[in-house]
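First up is the structure itself, then whatever we jot down about it.
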Amino acid sequence: MLKRNWTCSADDGFLRTRNAAASGSRRAFLAGLTATPFLMPHRALAVRRAETILSQIPLDAAPGIAAGAVRKGRIVAAGGAGTKGNAASVPDAQTIFEIGSLTKTFTASLIFQLQEEGLLRIDAPIETYVSDIPATWRNIRLSQLLSHTSGLPEYLNGDNFRLLMPQELKPRQILALVADRPNSFAPGERHEYNNTGFILLGMAAEAVTGENYWNLLRQRFFGPAGMSSTGPRDRVPCRNRCASGHFWSEGRYDDDPPRSAAGSTWAAGGLLSTVADINRWSVALDQGRILSSGVRRKMWRRASLSNGQPAGWGFGWEVDEVDGRTIVSHGGGTAGFSCWYRRDLDEPLSTIVLTNQNGRADPKVMTDALLKAIKLGDRS
């Protein structure tokens, strides 16, 4: 049986005490709260409210999930349920998951920050920053790579991803996989999700800074935001905090799918993270501490095709209008993990759902349940 109880984490922004997983039970956890002299009653109430919110998220047959929410710079939920990979271990906000293509939002943030600093331009062709690429790629603009309107051949697909995921590839090796293939369409002609373009964006960032891509993310984003458990697999110390992945196939879970190597998806999907760290990122975005208002405004807008029609995407993010509100979001999936991050720009309200499975439960549906629970909590 899956453990359905939710645990709120120690470092979740509204408490500073031992977490439920360490204390052994929710009763011991709440007892620990009352025994902490500097934890005021309203903080204990906040913890109980967070547990109530999180308890409304269905597992939907996922082995384990972790979820969090940040509103106007304050963390309102952070915890986990199910199992990390064995029956005795419940995920919490400190559990480390592969986040796959959610990595793209950090790559996009980096590109727009470098543009603000005058180091590159998103309307420039990629050949300005990356040399020795096929002739048909050279005039593709960075903006088209960001908005998935480049027409580049895709290096990662349903047939090869389980083979490629565990391989520690170099960016040039990834490009070589598709360098002799024709483009799918003319740049700007239509939208088609593409991983190859984000490899080129990572290479462009390295070219203009002279820095390693992972170091750039650490120096500019993760360090300042306090995201100590976010990075590629070879830079994130697990210490028994990493969840085990599961892949749904032919009516059952494969409990030992390949782990994602840092180089297999790199700037397109190579990060691991935790709910606690993604919440910290959301707080930093709310407070404008890392990305300027100019960067956020330019990044969180809709892209256009060459004919002026909407591309159906933003720049590194999905951008939608829901009931008159601007929503930016992105998901991620690897051989054993899936996630969904959503940010309401008008409130602002950010949510994250991480799962240690792919192919069965939908973290986007779980996000809808989380949002509904938050709204119900507002009324109580």
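The values are calculated or read from the model by the stated rules, or taken from the named source; none is laboratory data. Everything numeric in this text was worked out from a predicted model, so none of it was measured. All Cβ positions, even for glycine, are placed from backbone atoms using ideal geometry, and neighbour counts span all protein chains on display. To get the accessible areas, we keep the full protein, side chains included, count just its heavy atoms, and leave off ligands, DNA and RNA. Shrake-Rupley method; radii C 1.70, N 1.55, O 1.52, S 1.80 Å.
For the reader, a short list of remarks on this structure follows.
- Only the Cβ atoms of Lys and Arg (+1) and of Asp and Glu (-1) were treated as charged; on that basis the dipole of the chain about its Cα centre amounts to roughly 1340 debye.
- A simple packing score, the average count of other Cβ atoms within 10 Å per residue, orders the peptides 127-136, 209-218, 331-340 as 331-340, 209-218, 127-136, with the highest score first.
- Highest mean packing first, where packing is the average number of other Cβ atoms within 10 Å per residue, the peptides 142-148, 236-242 line up as 142-148, 236-242.
- Three-way shape label, the chain, alpha-carbon gyration tensor, a/c 1.5: prolate
- Rounded, prolate or oblate (a/c below 1.5 giving rounded, otherwise prolate when a/b exceeds b/c) for the range 192-282 by Cα gyration tensor: oblate
- Ligands, DNA and RNA left out, the 1.4 Å accessible surface of the range 60-211 is 48% carbon and sulfur atoms.
- Within the shell defined by Cβ-Cβ distances under 10 Å, the residues around Gly231 carry a net charge of +1, with Lys and Arg each +1 and Asp and Glu each -1.
- Projecting the Cα atoms of Gly188, Val70, Leu169 onto the charge dipole of the chain, computed from C-beta unit charges around the Cα centre, puts Val70 farthest toward the positive end.
- Straight-line cross-link reach from Lys72 at under 26 Å between alpha-carbon atoms covers these lysines, not counting any fewer than eight positions away in the same chain: Lys104, Lys298, Lys364, Lys372, Lys375.
- In degrees, nearest ten, helix 363-379 long axis to first principal axis of the chain (Cα): 50
- Helix 41-54 and the longest principal axis of the Cα set of the chain meet at an angle near 60°.
- The charge dipole of the range 45-113, taken about its Cα centre with unit charges on the Cβ atoms of Lys, Arg (+1), Asp and Glu (-1) only, comes to about 360 debye.
- Tilt relative to the chain, helix 196-209 - C-alpha long axis, 0 to 90 degrees, to 10: 90
- For the chain, the mean residue ellipticity at 222 nm estimated from helices alone is -9000 deg cm²/dmol, where every DSSP H run of n ≥ 4 contributes -39500 (n - 2.57) and the total is divided by all residues, rounded to the nearest 500.
- Averaged over its residues, the chain has an accessible area of 41 Å² per residue, based on protein heavy atoms and a 1.4 Å probe.
- Charge dipole of the range 161-265 (Cα centre as origin; +1 on each Lys and Arg Cβ, -1 on each Asp and Glu Cβ, all else neutral): 340 debye, rounded to the nearest 20.
- In terms of the mean number of neighbouring beta-carbon atoms within 10 Å, the peptides 243-251, 289-297 order highest first as 243-251, 289-297.
- Options Leu146, Phe198, Leu272, ranked by Cα towards positive dipole end of the chain, top entry (Cβ charges): Leu272
- Beta bridges per DSSP with both ends in the chain, % antiparallel, nearest 5: 95
- Relative contact order (percent, whole number), the range 230-380, Cα cutoff 8 Å, 6+ residue spacing: 20
- Considering only Cα atoms, the convex hull volume of the range 143-244 works out to 142 Å³ per residue.
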